[in-house]
Amino acid sequence: YANVSTEKWRLGAWSDTDGWPETVGFFDSRLIAANTAKHPQTLWGSQSNDLQNMRPDSWVSGAKTVEDDDALSFTLSSRRIDPVVWLSDQRSLVAGTAGAQWIISSAGEVLTPSDLSAKPHSATPAADIQAAQSNQVALFLDRSKREVYEIGFSFDDQAYVTTLLTILADHILRSPANQLEYQRLPHSILWVPRDDGRCATRSYNRQQDILGWSQQI
C-alpha cells in the first residue's frame, strides 16, 4: 500500500505522554472518566449507551450538529488544581476532588453536551480513596484520612448535604484509614481498615437512625 498522508487527525486526550484516567464511574448510561496527569480536573463521558465510544459527534462524515447522546468532556473551573479522586452516581453526578465536592447536573432529565452544569458544593478536601455508596449517599474520607463524611441529596433541604460522621468519635481513626467498603447484608456496616491493622466499623442505617462506631481488633 502506498503511504498517503492526511491533514485530518486529532491528538487523543489520553496517552502515555498526557496520562490515562485514574478515576472512573458510570452515570446516565455513560462511562465517566477523569483525572489524567495533564488534565486532573477534566471529566470525559462516553456516548449514551455506548460505553466505549468517546466521539464528540456521530460517525456520519461532516457531522456538525451536537446531539444529546454524543460524548462529552468538561473541566471543573476552580481556583486551584484539585484532581478528581472519586465519582458517585446519585440524583446528580457527584465528583470528589482534592479540594471540594462538585455537583454535576442538568436542567433536563439527563446529562447532555449542551445541558451541563458543574458547581462546587462543600470545601472538604477528599482523600485519594474511592468513596463507598449506600442508598444514594456517598461515604468518603477527607484528605487526612482520619474523618469520614457522607454526601447525599436531602429532600427536606432540596440540596446536597455533607455530614461529618466521626464528629462524636474522633478517636476511631487515631490511625489513618486506607479503604472504605460498605456491606449491605446481613447487617448494614461501613468497614474502614486502618493503617495499624485494626478496622473501624460503623453500623449504618439512615432509615432506622442506626448510626454507631466500633472497633475490630
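The values are calculated or read from the model by the stated rules, or taken from the named source; none is laboratory data. Given the structure is predicted, the values throughout are model-derived calculations rather than measurements. Cβ coordinates were reconstructed from backbone atoms using ideal geometry, including for glycine residues, and neighbour counts include every protein chain displayed. In case anyone asks, the SASA skips ligands and DNA or RNA and just uses the protein heavy atoms, side chains included. Shrake-Rupley method; radii C 1.70, N 1.55, O 1.52, S 1.80 Å.
Just to confirm my filter: which strands (runs of 3 or more DSSP E) fall fully inside region 165-207 and include at least 1 residues that are open to solvent by less than 30 Å² (accessible area, probe 1.4 Å)? Reasoning before the result, please.
Numbers: elements: 181-183, 189-193, 199-205.
By residue number, 189-193, 199-205.
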#### Entry: Neighbours by Cβ (under 6 Å, 6+ apart or cross-chain): first from region 36-50, over 14 Å from VAL24 (Cα atoms); second among the hydroxyl-bearing types (Ser, Thr, Tyr)
SER48/SER29; ASN49/SER29
### Task
For region 77-96, name all the residues that are more than 15 Å from PHE153 (Cα to Cα), out of contact with any strand residue (DSSP E or B) (no Cβ under 6 Å at 6 or more places or on another chain) and of a type outside the set (Lys, Arg).
SER77, SER78, ILE81, PRO83
### Query
Residue check: is GLN158 in contact with a strand residue (DSSP E or B) (Cβ under 6 Å, 6 or more places away or on another chain), open to solvent by 50 Å² or more (accessible area, probe 1.4 Å) and not aliphatic (A, V, I, L, M)?
no
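Taking the residues in region 111-158 that are in a loop (DSSP other than H, G, I, E, B) and among the basic types (Lys, Arg) as candidates, determine which candidate is farthest from ARG194 (Cα to Cα). Write out each step before concluding.
Within region 111-158, the first condition is being in a loop (DSSP other than H, G, I, E, B), and the residues that meet it are 111, 113-114, 116, 121-125, 127-131, 135-136, 143-147, 155-158.
From what is left, the residues that are among the basic types (Lys, Arg) are 143, 145-146.
Details: ARG143: 14, LYS145: 9, ARG146: 9 Å.
Per the stated criteria, the residue is ARG143.
For (1) surrounded by 14 or more Cβ atoms within 10 Å (Cβ to Cβ); (2) modelled with pLDDT of 90 or more; (3) in a strand (DSSP E or B), each residue gets a yes or a no:
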| residue | (1), (2), (3) |
| --- | --- |
| THR36 | yes, yes, no |
| HIS39 | yes, yes, no |
| LEU43 | yes, yes, yes |
| TRP59 | no, no, no |
| ASP82 | yes, yes, no |
| LEU87 | yes, yes, yes |
| GLY99 | yes, yes, no |
### Query
Of SER105, SER92, SER77, which residue is in contact with a Ser or Thr (Cβ under 9 Å, 6 or more places away or on another chain), polar (S, T, N, Q) and open to solvent by 20 Å² or more (accessible area, probe 1.4 Å)?
SER105
### Query
Does ASP16 meet the test of being in contact (Cβ under 8 Å) with a residue 60 or more places away in the chain and either on the phi > 0 side of the Ramachandran plot or open to solvent by 40 Å² or more (accessible area, probe 1.4 Å) (or both)?
no
### Message
I'd like the residue in region 101-110 that is among the β-branched types (Val, Ile, Thr) and in a strand (DSSP E or B) and, out of all such residues, is farthest from LYS64 (Cα to Cα).
### Response
ILE103
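Name the one entry in LYS145, LYS119 that is crowded, with 19+ Cβ neighbours inside 10 Å and of a type in the set (Lys, Arg).
Numbers: LYS119 fails: crowded, with 19+ Cβ neighbours inside 10 Å.
After applying the criteria, what remains is LYS145.
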